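The structure appears below as structure tokens.
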Amino acid sequence: MSVISDLTEKANDKLKILEDLTSNVKQIQDNVLEEILTLNTNTEYLQRFFHGKFDKEIFKKNVPVVTYEDVKPYIQRVANGEPSNVISTRPITGFLLSSGTSGGAQKIMPWNEKFLDYLTFMFVVTTTASAITMPQ
């Protein structure tokens, strides 16, 4: 097998994954939301909305749409050394700073290994697929 055909096969595999992910977006979003809520129900931030039990309807009813300023105190606490479980059951492994171009001030964004895994996966899928879609 040539290098080009091997790369094309790998790209096609990645494209198939991307197609699968985008063909059933609502179900995937529901699954991701359920995973996030299941893992984080006992965080300090979410406990005040769920009171010990949750489902998607309780989430929609009790958890308001918030701005960065609403969650900033929780993020700051973790950034200042409090345990990650203030906002996440997974350990916060780092913080990113935004550029500050959409409001004038930089924002601190926590991340964990799961986020990094998702980011790496999407980078690999999209770059591999786009790099190999050239004519042969």
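The values are calculated or read from the model by the stated rules, or taken from the named source; none is laboratory data. Remember, predicted model here, so these are calculated numbers, not experimental data. So basically every Cβ, Gly included, is an ideal-geometry build from the backbone, and we count neighbours across all protein chains shown. Remember, those area values only see protein heavy atoms, side chains included, never the ligands or the DNA or RNA. Shrake-Rupley method; radii C 1.70, N 1.55, O 1.52, S 1.80 Å.
Observations, loosely collected:
- Cβ-Cβ under 9 Å pairs, at least 6 apart or on other chains, the stretch 105-126 side among the small types (Gly, Ala, Ser), far side surrounded by 13 or more Cβ atoms within 10 Å (Cβ to Cβ): 105/98
- Qualifying residue in the stretch 67-79 (condition: over 27 Å from residue 105 (Cβ atoms) and modelled with pLDDT of 85 or more): no
- Looking across the stretch 102-113, the residues that are open to solvent by 60 Å² or more (accessible area, probe 1.4 Å) and under 17 Å from the mean Cα position of the chain (by Cα) come down to 109, 113.
- Single residue of the stretch 23-82 satisfying the filter (of a type in the set (A, V, I, L, M, F, W, C) and not in a helix (DSSP H, G or I)) that is most open to solvent (accessible area, probe 1.4 Å): 65
- Among the residues examined, residue 118 does not qualify as open to solvent by less than 70 Å² (accessible area, probe 1.4 Å), aromatic (Phe, Trp, Tyr) and part of a helix (DSSP H, G or I).
- Test: residue in the stretch 88-101 that is open to solvent by 60 Å² or more (accessible area, probe 1.4 Å), under 30 Å from residue 124 (Cβ atoms), outside any helix (DSSP H, G or I) and of a type in the set (Lys, Arg): yes
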